[in-house]
Amino acid sequence: MVEKIEARWLLAIETSCDETSAAVLDRGQIKSNVILSQDEIHAPYGGVVPELASRQHLKSIDYIVNESLERAGVKVQTIDLYAVTQGPGLIGSLLVGLTFAKGLAYYFNRPLIGVDHLEAHLEAAFIENPDVEFPALALLVSGGHTSLYFLEKPLSYRLLGKTRDDAAGECLDKIAKFLDLGYPGGPVIEKLARGGSSQRFHFSVPKMKKPGYDFSFSGLKTAALKVIRENGLKRDHPALSDFLASFEEIVVRSLLEKVTQAIIEFKPVALILGGGVARNGRLRTGFTRLAAENNLPAYIPSPRLCTDNAGMVGALAWKKYRWGEPLRLDLGLDAYPR
Ligand code: KG4
Ligand code: ZN
């Protein structure tokens, strides 16, 4: 039985995909947020190899947790509360973080809070802007997910729509892989698209059969592959930056079109952007512009807080604790892949 506590120090762990991360928070303020990316390990394959990801988490987790404690200047015995990503993500990867967190919580007899990875991505916007107004509309764009949420109040997430096939980040990663540009694709495409003309290649926003807020990116990916083949595009082709700029532009437009539609129907008072693709300059600019056109504030996390990190997991766990979620050490807490 975990005693009722007035908590101060929280340690959070995130291992849902290919970043091993641990963060220490002092009364909800991030004191350390250590992120070890596995990009180099997966780069030769052009995408995350699940078996390699979980093995690498196993190798790194102990070091990363210790590093986060050290950078925050606290000993593990000081930690009052543990938090960990439960899902969605790669099951083998999730289990490494979950098991490690359970072990620590059990040994030190402290509560453990399970956190949803997607809700944590949305929480990232609140880290630097705790006073985001409600109701808010939130667009989450990552390598595994593309979803639109309506947040009526804190900790309430109503899913309005999600992708029916590829996530936006996945689509960028696949195009980069096809062109042999490297992994992850989003940042490489952004770099190579700089200075390119987004008007040169014409793509249209995918039309869904059913009205609503679902996204689709697989048709766009097929259209892009056709253009690549027809124009013989490759790494050193003179039209590559125009192509990538045009492609980035259509991905951003497809995302923003749904946001525009939802602003009209749901009349939010604030807009939130989150997930790894939210690092993208074109998306950040487009999102900010859209918000301004609608007289709404736009909350976009700093780039480092957009991609997977344990800081966002800790921030959400702290909010749950403050809002009264019962604390316990549930050793049965399970990982969920989706
Ligand atoms: O949120 P995240 O770290 O992991 C998941 O939960 O999926 O997002 C990773 C995704 C990858 O698809 C990556 O290509 C994309 O975020 N990404 C970007 C940029 N940086 C990362 N996409 C576009 N532009 C960027 N600068
Ligand atoms: Zn993520």
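The values are calculated or read from the model by the stated rules, or taken from the named source; none is laboratory data. Everything numeric here is computed off the predicted structure, so don't read it as measured data. Quick reminder, even Gly has a Cβ in these numbers, built from the backbone with ideal geometry, and neighbours come from all protein chains shown. With ligands, DNA and RNA removed, areas are computed over all heavy atoms of the protein, side chains included. Shrake-Rupley method; radii C 1.70, N 1.55, O 1.52, S 1.80 Å.
Worth pointing out:
- All C-alpha to C-alpha distances of region 183-270, sorted into 5 Å bins beginning at zero, yield P(r) values of 3, 13, 21, 23, 16, 11, 9, 3, 2, 0 percent in whole numbers.
- Calculated [222 nm] ellipticity per residue, helices only, for the chain: -14000 deg cm²/dmol; basis is -39500 (n - 2.57) per DSSP H run with n ≥ 4, divided by all residues, nearest 500.
- Per residue value of the accessible surface for the chain (all protein chains in place, 1.4 Å probe), Å²: 46
- Part-to-part distance (alpha-carbon centres) for region 70-115 and region 286-338, which is given in Å: 17
- With every protein chain in place, the chain: carbon and sulfur % of accessible area (1.4 Å): 51
- Selection among Tyr149, Cys17, Val34 by position relative to the dipole of the chain gives Tyr149 as farthest towards the positive end (Cβ unit charges, Cα centre).
- Listed peptides 25-31, 143-149, 155-161 appear in the order 143-149, 25-31, 155-161 once ranked by packing, highest mean of other Cβ atoms within 10 Å at the front.
- Where labels lie 7 Å past Cα in the beta-carbon direction, separation of Tyr107 and Arg164 in nm: 4.9
- Whether region 94-147 is rounded, prolate or oblate, judged on the alpha carbon gyration tensor where a/c under 1.5 counts as rounded: oblate
- Taking only the alpha carbons of region 194-338, we obtain Rg and Dmax values of 19.4, 59 Å in that order.
- Here, region 2-84 is characterised by an Rg to Rh ratio of 1.06, where Rg is the alpha-carbon radius of gyration and Rh the Kirkwood radius.
- Available extension along the chain between Arg235 and Lys153 is 24.9 nm, counting 0.36 nm per residue and deducting the alpha carbon span.
- Positive-end residue of Ala315, Pro238, Phe100, charge dipole of the chain with Cβ unit charges: Pro238
- Three-way shape label, region 1-142, alpha-carbon gyration tensor, a/c 1.5: oblate
- Charge dipole (Cα centre; +1 on Lys/Arg Cβ, -1 on Asp/Glu Cβ; no other charges) of the chain amounts to roughly 540 debye.
- Computed lengthening from Gln77 to Val205, 0.36 nm per intervening residue step minus Cα-Cα distance: 40.7 nm
- A quarter of the convex hull surface defined by the alpha-carbon atoms of region 57-126 gives 5.1 nm² as the mean projection.
- For region 163-308, the dipole from Cβ point charges (+1 on Lys and Arg, -1 on Asp and Glu) about the Cα centre works out to 100 debye, to the nearest 20.
- Ranked by the mean number of other Cβ atoms within 10 Å of their residues, highest first, the peptides 256-267, 306-317, 46-57, 168-179 come out as 306-317, 168-179, 46-57, 256-267.
- When each of the peptides 324-330, 237-243 is scored by how many other beta carbons lie within 10 Å of its residues on average, the order from highest to lowest is 237-243, 324-330.
- The stretch between Arg27 and Leu333, if pulled fully straight at 0.36 nm per residue, gains 107.8 nm over its current Cα-Cα span.
- Fraction of the pair-distance distribution of region 70-172 above 19 Å, Cα-Cα pairs, percent: 57
- Accessible area in the full protein assembly, largest first, 1.4 Å probe, for Asp165, Asp236, Asp180, Asp116: Asp236, Asp180, Asp165, Asp116
- For the chain, the fraction of C-alpha pairs farther apart than 34 angstrom is 26 percent.
- Value of relative contact order over the chain, rounded to a whole percent, pairs C-alpha under 8 Å and six or more apart: 25
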